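Notes follow once the structure below has been shown.
The values are calculated or read from the model by the stated rules, or taken from the named source; none is laboratory data. Because the structure is predicted, anything quoted here is derived from the model rather than measured. Here the Cβ positions follow ideal geometry from the backbone for every residue, glycine too, while neighbour counts run over all protein chains shown.
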Amino acid sequence: MTTQNKLTDPVEAYEGILEHPETDRQGIAVAIDASVKAVGHVVMWANVLLMGAIFTQVALRYLLSQNYPKLDEIQWHFYGIVTMIGISYALITDSHVRVDVLHMQLSRRAQRVIEVIGILTLLTPFIYLMIDQGYDYFYESLRVNERSDSPTGLPARWALKAVIPISFVLLALAALARLIHDGHALLYGPASEREGAPLRRILLVLAVFAAVCVGLAFLVETTEEKLVIAMFLTFIALLFTGYPVAWVLAGVGVGYCGLAYLFDNDLMLWTGLESTFTGLDYLTLGAVVNRVYATMSNAVLVALPMFIFMGLMLDESGVAERLMTSMQRLFGTVRGGLAITVTLIGIILAASTGIIGASVVLLGVLSLPSMMQQKYQPTLAAGVVSASGTLGILIPPSIMLVIMADQMALSVGDLFMAAVFPGVIIGGLYLTYIFIFSLVNRDAAPVPEGAKAPDWAAVKDVLIAVIPTLILILAVLGSIFAGLTTPTEASGIGALGATLLALGYRKLTFHKLWNVLVSTFNTTAYIFAIFLGATVFSYVLRELGGDELIEHVVQSTGFGANGTILFILFIVFLLGFVLDWIEITLIVLPLMRPIVNGLGIDIPGFGVLDEPALVWFVILVAVTLQTSFLTPPVGFALFYLKGVCPPEIKLMHIYKGIIPFVLLQLTGLALVFLWPTLATWLPSVAY
């Protein structure tokens, strides 16, 4: 699964029209592109204002011993504006997440056909729904002059609600521009666009999933259950077309809402299936607008853009390069020393960024050429880099844990602390494996020629490189663990700290700040877009009775409490092969909460944790989902690495290289499963 980022300056776009008269027909589309990008380039600076608002809030609280509700609300106002406007920007720049397994093999013409069909059948109905219902939602707020729930909060809440229809108008314009570009290329594009696989491959996949859907339909009785199975399989099948995940979720949700409406009103009796009583229709589906607003105004999720900004800014600050240079000297004479260095840097980056893509790409660019020069085994090199980069999704601060805490109604701080030991254990397993494997298989990781024994100068360089990063980690995690700041506040402090670190290293330029802001804007936008799509999908799935069906299937296994947990983890592990962690977290994980609560598992909370079983379960799921970054065909880390690895490292080397690390992750999972205190002890001590 990949994201694409093809940024074009608006001025360059306009100049392109003048230089190439044959593109005059696309003049409108180029103008729309430039306009949407211009709006995005203004709005993305709200992340800097958000960072300032968080710092001001913390400073005033400790200087004046007062809280300011207006500052709280300003923060999620900035977050809401950035995320909602960002979804159209991400569409223009083609940055949304897609499953590229089959899509990348298709001809460019076939890809354009898929995009045109996707926009018309999946995205357009969702846009219409959100503009129409979003306007009514905004107008009602304006009519009553809605203001903050807090008497000292901000007035004119309708102004933020107006962002919903406005942002979807921008998204409609962005979609129109894509349609014009694709339509022009399909009519007048060069013959080279026909090179590649035809659409038959996608049609074959869809046919296979349709057959599976028909087969599974015979295993359930009611029409609602058949629709649930069909809905989920339709979603997975359409993912393989390569159309963005967010819009597949949203479009499938809207489509099955319409299908349920037809069944409710006896308009599908010709199928031989019974009518349903779901109550789904256009107006009830409009309820998702309120859920979208709740996501926009979620104080917990404000931490997402700040942690993303922090990680990207650290990458720009040159911290990893300093660590790589100094630590390589320290472990230069150790067999497998470079691989050990990469893993240690992966652990440090994980504890300071939480961004998988940035870590994998950075580690790959810095280390793979050196590994190949030192004649490392390609499978070992690829496995070490991809696995070390994935530690950021588990070791706090982790954007996955932030989203999980929101979905499971748990404390972000509890999950951060609960993930510390499992993350460190998995990192330790990586280091142990590399050390032993390098000793046993001496040709896999040879000692570089002319390597010198480490001296005090090397130790000094390592300390100089590590200490600033450790101070930042302590500032973020330490303030959370000590109860000095909330995770959201700590994210803003971390973003500011990373910026100051870049300034201290004299690496911060306007160009780099611009790149960080654009990347933060895009990354936050595509995550939020999946939130929007999952909101529609989950709402329809629940109305069809999907939660009851899943709960019944899980509970009917008869495996007992521990067996049921293992069964759920096995399902999550399998889903990780075809779905991204975001979809699993947003759709599947919330359905498991009542099931886990009903098992009555006695997990030690040491008299402090309210729901220790849930905390333990979420960490188990988090460790399981970490493997989804390494398991083909969807594994994020594999695609990130393939994009930057030297030509001598083939895709098969990457696939073979990750196998032992997946087994090590599963070993770490087994340890946390057998000893739950590894997850629950630290949060209980902290509070």
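Being in contact with a His (Cβ under 9 Å, 6 or more places away or on another chain) and outside the structural domain of Ser491 (by the TED database) is a property that Ile87 has. Among the numbered conditions (1) in a helix (DSSP H, G or I); (2) not assigned by the TED database to the domain that holds Met404, the only one that Tyr243 does not meet is (1). Residues in the stretch 517-547 that are surrounded by 24 or more Cβ atoms within 10 Å (Cβ to Cβ) and not in a helix (DSSP H, G or I): Leu544 alone. Scoring Phe126 on the criteria (1) modelled with pLDDT of 95 or more; (2) buried (at least 16 other Cβ atoms within 10 Å of the Cβ); (3) over 25 Å from the mean Cα position of the chain (by Cα); (4) within 30 Å of Leu199 (Cα to Cα) leaves a single failure, condition (3).
Residue-level check: of (1) assigned to a helix (DSSP H, G or I); (2) in contact (Cβ under 8 Å) with a residue 24 or more places away in the chain, Ala211 misses just (2).
Listed residues Val245, Val220; which is out of contact with any His (no Cβ under 6 Å at 6 or more places or on another chain), in contact (Cβ under 8 Å) with a residue 40 or more places away in the chain, farther than 30 Å from Asn522 by Cβ and hydrophobic (A, V, I, L, M, F, W, C)? Walk me through how you get there before you give the answer.
Working: Val245 fails: farther than 30 Å from Asn522 by Cβ.
Checking each option against the conditions leaves just Val220.
Condition check: under 30 Å from Trp76 (Cβ atoms) and assigned by the TED database to the domain that holds Tyr89. Does Ile164 satisfy that? Criteria met by Ile164.
With respect to Ala457, is the statement that it is under 25 Å from the mean Cα position of the chain (by Cα) and part of a helix (DSSP H, G or I) true? Even if it seems obvious, please write down each step before you answer.
Values: under 25 Å from the mean Cα position of the chain (by Cα): no; part of a helix (DSSP H, G or I): yes.
Judged against the criteria, Ala457 is not a match.
Note on the stretch 137-186: among residues that are of a type in the set (S, T, N, Q) and without any contact (Cβ under 8 Å) to a residue 40 or more places away in the chain, the one that is surrounded by the most Cβ atoms within 10 Å (Cβ to Cβ) is Ser141. Selection of first residues in the stretch 318-340 that are assigned to a helix (DSSP H, G or I) and of second residues that are of a type in the set (D, E, K, R), restricted to Cβ pairs under 7 Å at least 6 apart or on distinct chains, gives the following pairs, ordered by first then second residue: Ser326/Asp461; Arg329/Asp461.
In the stretch 602-611, is there at least one residue being buried (at least 24 other Cβ atoms within 10 Å of the Cβ), modelled with pLDDT under 90 and touching a Phe, Trp or Tyr at 6+ places or on another chain (Cβ under 8 Å)? Outline the logic, then answer.
If we filter the stretch 602-611 for residues that are buried (at least 24 other Cβ atoms within 10 Å of the Cβ), which is where we start, we get none.
No, every residue in the stretch 602-611 fails to be buried (at least 24 other Cβ atoms within 10 Å of the Cβ), modelled with pLDDT under 90 and touching a Phe, Trp or Tyr at 6+ places or on another chain (Cβ under 8 Å).
In the set Glu274, Glu316, Glu321, which member is acidic (Asp, Glu) and surrounded by 21 or more Cβ atoms within 10 Å (Cβ to Cβ)?
Numbers: Glu274 fails: surrounded by 21 or more Cβ atoms within 10 Å (Cβ to Cβ); Glu321 fails: surrounded by 21 or more Cβ atoms within 10 Å (Cβ to Cβ).
Exactly one residue qualifies, and that residue is Glu316.
Out of Thr152, Thr83, one residue alone is over 24 Å from Gln26 (Cα atoms), at pLDDT below 95 and in a helix (DSSP H, G or I). It is Thr83. A count restricted to the stretch 261-291 and to residues that are in contact with a Ser or Thr (Cβ under 6 Å, 6 or more places away or on another chain) and either in a helix (DSSP H, G or I) or not hydroxyl-bearing (Ser, Thr, Tyr) (or both) stands at 7. Please identify the pairs in which a residue from the stretch 53-68 that is hydroxyl-bearing (Ser, Thr, Tyr) has its Cβ atom under 7 Å from the Cβ atom of a residue that is not in a loop (DSSP other than H, G, I, E, B), counting only partners at least 6 apart or on another chain. Hits for this filter: Thr56/Leu71; Tyr68/Gln57; Tyr68/Leu60. Within the set Phe55, Phe78, the sole residue that is among the aromatic types (Phe, Trp, Tyr), buried (at least 20 other Cβ atoms within 10 Å of the Cβ) and either within 24 Å of Thr485 (Cα to Cα) or touching a Pro at 6+ places or on another chain (Cβ under 9 Å) (or both) turns out to be Phe78.
When Leu463, Leu503 are checked against the criterion of being farther than 20 Å from Thr343 by Cβ, more than 27 Å from the chain's Cα centre (by Cα) and either not assigned by the TED database to the domain that holds Phe307 or not β-branched (Val, Ile, Thr) (or both), Leu503 stands alone in meeting it.
Where helices (runs of 4 or more DSSP H) fall wholly inside the stretch 571-687, the ranges with 3 or more residues that are without any contact (Cβ under 8 Å) to a residue 40 or more places away in the chain are 589-599, 651-674. Comparison of Ile654, Ile659 shows that the only residue that is β-branched (Val, Ile, Thr), at pLDDT 80 or above and out of contact with any Lys or Arg (no Cβ under 7 Å at 6 or more places or on another chain) is Ile659.
Across the stretch 429-450, what is the total count of residues that are free of Cβ contacts under 8 Å to residues at least 12 places away in the same chain and buried (at least 16 other Cβ atoms within 10 Å of the Cβ)? Reasoning before the result, please.
Applying the first criterion (free of Cβ contacts under 8 Å to residues at least 12 places away in the same chain) to the stretch 429-450 yields 432, 436, 440, 449-450.
After this cut, where a residue has to be buried (at least 16 other Cβ atoms within 10 Å of the Cβ) as well, the list is none.
Of the residues in the stretch 429-450, 0 are free of Cβ contacts under 8 Å to residues at least 12 places away in the same chain and buried (at least 16 other Cβ atoms within 10 Å of the Cβ).
Report yes if some residue within the stretch 622-629 is of a type in the set (Val, Ile, Thr) and modelled with pLDDT under 80; otherwise report no. Steps first, please.
At the first step, the residues of the stretch 622-629 found to be of a type in the set (Val, Ile, Thr) are 623-624, 627.
Next, only the ones that are modelled with pLDDT under 80 stay: none.
No: the stretch 622-629 contains no residue that is of a type in the set (Val, Ile, Thr) and modelled with pLDDT under 80.
Is it the case that Gly354 is at pLDDT 80 or above, surrounded by 24 or more Cβ atoms within 10 Å (Cβ to Cβ) and small (Gly, Ala, Ser)? Criteria not met by Gly354.
Exactly one residue out of Leu638, Leu620, Leu682 is more than 18 Å from Gly383 (Cβ to Cβ) and under 23 Å from the mean Cα position of the chain (by Cα), and it is Leu620.
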